[in-house]
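Structure, as structure tokens:
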Amino acid sequence: MAATLPPSGESPLVHAAKLVRDSVPPLHPGGRPVIAAVAAAAGAARLLTGRGTGVGLLATAATALFFRAPKRVPPARPGAVLAPADGTVALIEEVVPPPELDLPREPVTRVSVFLSVLDVHVQRIPMHGRVRAVRYVPGVFLSADLDKASTDNERSALVLDTQTGHALGIVQIAGLLARRIVCDVRAGDEVAAGETYGLIRFGSRVDTYLPPGVAPEVRVGQRTIGGETPLAVLA
């Protein structure tokens, strides 16, 4: 593969710095206080003990990696319902949506994506549309890969009225280690497919409730890329 040449008039050093910057994904704002706290604790330990520089740098870097929010490019596929998160499809079931979504009480397909601690933990909007409602539901912190996590765990539910005239339900679910759900959108917000709207810290799950009669295009065990992998296509 041919090397990338710097633009005319730009020094190789500046060009190299830009390449490095572009290769490092941005951080979600919700992670900055946590990263700063880990770095401060590592610095304090180094001052008190004179040791632990390597461990402190590793812990800070690992924390920053957890809160990465890489750029994603939604596919040019009309009607595609994009995965709201990176992870693995853990469950595909026909269920009645939970009451907090305020959707019709009839069975629909729910696609559950499980996020391990190594996955990107920001959530993304699955389609262009307008946020109808956002509701927080307190709960317990069971392992997010369990079926009853959808009804028992702490969660934040979002209803999206899409530009295709459909309604989608997206639910952020805290996991065994997760203790913080961030949702940055509010009712009435206009949102675009693939844009970041939230974050769950340290292991979690995101459920997508498809419109009635819509079949998924993914399978259990399949890996998803948030903002890029189509879960289904609306006619």
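The values are calculated or read from the model by the stated rules, or taken from the named source; none is laboratory data. Only a predicted model underlies this, so the values are computations on that prediction, with no experimental measurement involved. Note: ideal-geometry Cβ built from the backbone for every residue, glycine included; neighbour counts use all protein chains shown.
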Within the range 109-124, of all residues that are among the β-branched types (Val, Ile, Thr) and crowded, with 19+ Cβ neighbours inside 10 Å, the one farthest from the chain's Cα centre (by Cα) is Thr109
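Per-residue answers, yes or no, for (1) farther than 18 Å from Asp86 by Cα; (2) buried (at least 20 other Cβ atoms within 10 Å of the Cβ); (3) modelled with pLDDT of 90 or more:
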| site | (1), (2), (3) |
| --- | --- |
| Arg135 | yes, no, yes |
| Gly139 | yes, no, no |
| Ser143 | no, no, no |
| Thr151 | yes, no, no |
| Arg155 | no, yes, yes |
| Ile170 | no, yes, yes |
| Ala174 | no, yes, no |
| Ala192 | no, no, yes |
| Glu195 | no, no, yes |
For the range 158-189, give me each residue that is aliphatic (A, V, I, L, M) and in a strand (DSSP E or B). Leu158, Val159, Leu160, Ala167, Leu168, Ile170, Val171, Ile173, Ala174, Ile181, Val182
Which of the residues spanning the range 124-149 are within 17 Å of Gly198 (Cβ to Cβ) and hydroxyl-bearing (Ser, Thr, Tyr)? Tyr136
For the range 202-217, which residues satisfy the criterion of being over 12 Å from Val108 (Cα atoms) and surrounded by fewer than 21 Cβ atoms within 10 Å (Cβ to Cβ)? Phe202, Glu217
Being over 13 Å from the mean Cα position of the chain (by Cα), of a type in the set (Lys, Arg) and not in a loop (DSSP other than H, G, I, E, B) is the filter here; which residues of the range 190-235 pass it? Arg223
Evaluation of Asp161 against (1) of a type outside the set (Gly, Ala, Ser); (2) touching a His at 6+ places or on another chain (Cβ under 6 Å); (3) under 16 Å from Val134 (Cα atoms) (one fails), failing number: (2)
Suppose the filter is within 30 Å of Val191 (Cβ to Cβ), crowded, with 16+ Cβ neighbours inside 10 Å and either modelled with pLDDT under 90 or out of contact with any strand residue (DSSP E or B) (no Cβ under 7 Å at 6 or more places or on another chain) (or both); does Gly56 pass it? no
